[in-house]
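Report on the structure given below.
A short reminder: the numbers here are calculations on the coordinates, not readings from a lab. Computed from a predicted structure; not experimentally measured. Methodologically, a virtual Cβ is constructed for each residue, glycine included, from the backbone with ideal geometry; neighbour enumeration extends over all protein chains shown.
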Amino acid sequence: MSDSIIECQNLSKHYHIGGEIIKALDNVNIKIKRGDYTSLVGPSGSGKTTLFNMIGGLDRPTEGIVYLDELEVSKLDAYELAWLRCHKLGYIFQTFNLIPVMTALENISLPMIFAGIPRKERRKKAIALLEKVDLGDRLHHRPTELSAGQQQRVALARALANDPSIILADEPTGNLDTQTGLKIIHLLRTLNKERGVTIIAATHDLKIIDVSDCVIWMRDGKIEKVERNFKAADKTEGP
Amino acid sequence: MNTEQIDRKVKLPISEAFFISVRQIRIRFQRSKIMIASIGLGIAFMTHLNITNVIFNAYMADAGTTVEAYQFWLLIISVFVTCVGLINSTLIAVYERYTEIGTMKCLGALDHHILELFIIEAFLLGLYGGIIGFIIGTITATSSLIMQLGFDVLSKIPIIDMFKYLGLTTILSIILSVGSTIFPALRAAKLKPVEALRYHV
Ligand SMILES: Nc1ncnc2c1ncn2[C@@H]1O[C@H](COP(=O)(O)OP(=O)(O)O)[C@@H](O)[C@H]1O
Ligand SMILES: [Mg+2]
């Protein structure tokens with residue numbers, strides 16, 4: 001098994017807007033180590049979301065290759081991609097994106113339905129996950145009945161539902177106040193350590209990157225620098 | 001990992017889909033009411049014309065009167081009006097849920113799962129709208145005939161045939177509801193997850 005769980009080679013994504021080419025990603029090469037907590041930092045518009053979309057198989061690159069657990073993402077068909085999203089990846093969004101008509105418990109059960117897990121087992125696991133994120137007393141609340149921080153914690157539990165190997169969190173604290181945001185980040189870090197799940201969190205907020213094993217700095221669709229052993233802050237290497 | 005380890009099976013059992021759709025209808029009650037009303041009104045109008053015809057013909061059978069042809073065109077127009085209203089409502093209802101569709105795809109849903117959810121919902125809304133519309137149309141038709149011709153008409157109501165009409169009307173209602181949902185839903189289901197997610201705000 002390879003050391004890096006994600007590898008991007010010469011990855012580019014271009015958008016054509018009114019005769020102009022926008023290079024949302026411009027020849028990106030990165031490796032992400034299995035089990036690491038990686039922060040992807042860059043100003044708004046630097047290409048973080050675009051990179052996530054390529055890694056998660058949500059969109060196709062203009063050029064280049066993404067390997068996810070040694071699978072070449074662009075070679076997968078619709079069924080394989082759906083399977084990958086269901087079993088291997090967990091997504092966390094800035095806007096939480098819980099299904100509004102479902103309770104916390106049902107939201108967490110949904111990915112398990114797609115994975116074919118029987119009802120009883122689903123329920124048991126969903127309750128355990130909600131307890132894990134400290135929402136054991138909010139099982140039957142719908143998103144509108146939860147605070148922003150609670151919604152994001154439900155989203156976090158949902159991302160973990162099928163024991164993914166990677167969690168992609170795109171600005172997970174973008175709609176939260178600093179205090180609540182920090183709590184979410186620490187929860188992510190705890191889960192990362194406890195379960196060994198690889199986490200990549202995009203942000204433009206420098207307050208929340210201290211927990212990272214590795215920080216990738218982006219600007220204008222390019223990787224500016226990669227800092228491994230971020231917390232030790234003793235080693236810096238180029239991209 | 002290699003492709004052989006992917007068993008390709010992402011599932012959405014019909015019972016679960018049904019449960020989710022019922023949820024959607026119940027929780028988005030305002031939206032559901034609008035949908036049921038747009039179907040129900042058209043169906044009520046259609047039923048009114050049809051039942052008036054049926055009872056009136058039975059009443060006049062001795063005199064040997066035949067169906068009034070213009071009512072056929074009224075029926076066609078009422079179906080058409082129902083469709084326009086309905087397509088308008090379904091477009092909005094589907095559009096409102098792009099984020100949800102994108103999210104479900106991120107969780108593993110396939111195109112046909114999304115389509116399935118919308119179709120079950122449309123089926124149920126068509127069913128409710130059809131039954132409610134039929135009841136309303138029947139009540140208005142019989143009351144107006146009673147006012148014009150007296151309580152005699154009640155004895156002319158063909159009870160057995162009424163069930164047949166209820167069945168046919170409900171089927172038509174379901175076809176209209178599912179038919180007007182299928183195209184916006186298909187378009188939404190086919191979106192790439194990023195495209196669906198981009199629509200929010
Ligand atoms: N669908 C799109 N069409 C055109 N341009 C896009 C699209 N998505 C992103 N971009 C452009 O690509 C660049 C990177 O965007 P994004 O990845 O969203 O940045 P970030 O997430 O870091 O804020 C921006 O200049 C943005 O305007
Ligand atoms: Mg972004």
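Given all pairs of different Cα atoms, what value in angstroms does the Kirkwood hydrodynamic radius of chain A take?
So the Kirkwood estimate lands at 18.3 Å.
When ranked by the protection proxy of mean other Cβ atoms within 10 Å per residue, highest first, what sequence do the peptides A:164-175, A:209-220 form?
Ranked by mean Cβ neighbours within 10 Å, highest first: A:164-175, A:209-220.
Can you tell me the Rg and Dmax of chain B, counting just the alpha carbons, in angstroms?
21.6, 82
Tell me, what does the Kirkwood hydrodynamic radius of the range B:119-201 come to in angstroms if you use every pair of distinct C-alpha atoms?
15.5 Å
Show which lysines lie in cross-link reach of A:K120 when reach means a straight Cα distance below 17 angstrom and same-chain residues fewer than eight apart are skipped.
Of all the lysines, those that pass the test against A:K120 - Cα under 17 Å, at least 8 places apart if same chain - are B:K11.
For the range A:32-38, what does the Karplus curve 6.51 cos²θ - 1.76 cosθ + 1.60, with θ = phi - 60°, yield as ³J(HN,Hα) per residue in whole Hz, taken in order and with x for Gly and Pro?
With the stated coefficients, the range A:32-38 comes to 10, 6, 4, x, 7, 9, 10 Hz.
Which pairs break 19 Å Cα to Cα here: A:K132/A:K207; A:K132/A:K193; A:K23/A:K207; A:K13/A:K222; A:K31/A:K225; A:K225/B:K192?
Result: A:K132/A:K207; A:K23/A:K207; A:K225/B:K192 exceed 19 Å.
Between 0 and 90 degrees, rounded to the nearest ten: what's the tilt of helix A:104-114 against the longest Cα principal axis of chain A?
The angle comes out near 60 degrees.
Taking each residue in A:92-102, count the Cβ atoms of any other chain within 10 Å of its Cβ, then average. What number comes out?
Taking all residues of A:92-102 together, the mean is 5.
Per the Kirkwood formula on distinct C-alpha pairs, the Rh of the range B:98-144 is how many angstrom?
13.0 Å
Using only the Cα atoms of the range A:107-161, what do you get for the radius of gyration and for Dmax, in Å?
So, for the range A:107-161, Rg and Dmax equal 10.5, 30 Å respectively.
When the helix-only estimate is applied to chain B (DSSP H runs of n ≥ 4, each -39,500 (n - 2.57), divided by the residue count), what is the mean residue ellipticity at 222 nm, nearest 500 deg cm²/dmol?
Computed ellipticity for chain B at 222 nm equals -27500 deg cm²/dmol.
With a/c under 1.5 counting as rounded, go ahead and sort the range A:130-207 into rounded, prolate or oblate using the C-alpha gyration tensor (a ≥ b ≥ c being the square roots of the eigenvalues; past the cut-off, prolate if a/b is larger than b/c, else oblate).
In terms of gyration-tensor shape, oblate.
Angle, helix A:148-160 long axis vs. longest principal axis of chain A, Cα atoms, 0 to 90°, nearest 10?
It works out to around 80 degrees.
I need the Debye-formula profile for the protein assembly as shown: one equal scatterer per C-alpha, no solvent, reported as log10 I(q)/I(0) at q = 0.06, 0.07, 0.14 1/Å, two decimals.
The computed values of log10 I(q)/I(0) come out as -0.35, -0.45, -1.22.
Could you work out the pair-distance distribution P(r) of the range B:66-167 from its alpha-carbon pairs, with 5 angstrom bin width and percents rounded to whole numbers?
Calculated P(r), rounded to whole percents: 2, 9, 12, 17, 16, 11, 9, 8, 6, 4, 3, 2, 0.
Could you work out how far the C-alpha centroid of the range A:56-117 sits from that of the range B:120-163, in angstrom?
The two parts, judged by their Cα centres, are 49 Å apart.
Just check the range A:1-100 against the gyration tensor rule for me: Cα atoms, a ≥ b ≥ c as the square roots of the eigenvalues, rounded for a/c under 1.5, and otherwise prolate or oblate depending on whether a/b exceeds b/c.
rounded
Would you mind classifying the range A:17-62 by shape? Square roots of the alpha carbon gyration tensor eigenvalues, ordered a ≥ b ≥ c; an a/c under 1.5 is rounded, otherwise it is prolate if a/b is larger than b/c and oblate if not.
prolate
Across peptide B:10-20, what mean number of C-beta atoms from other chains lies inside 10 Å of a residue's C-beta?
4
Per residue, what volume in Å³ does the Cα convex hull of the range A:64-139 take up?
So the per-residue Cα hull volume is 128 Å³.
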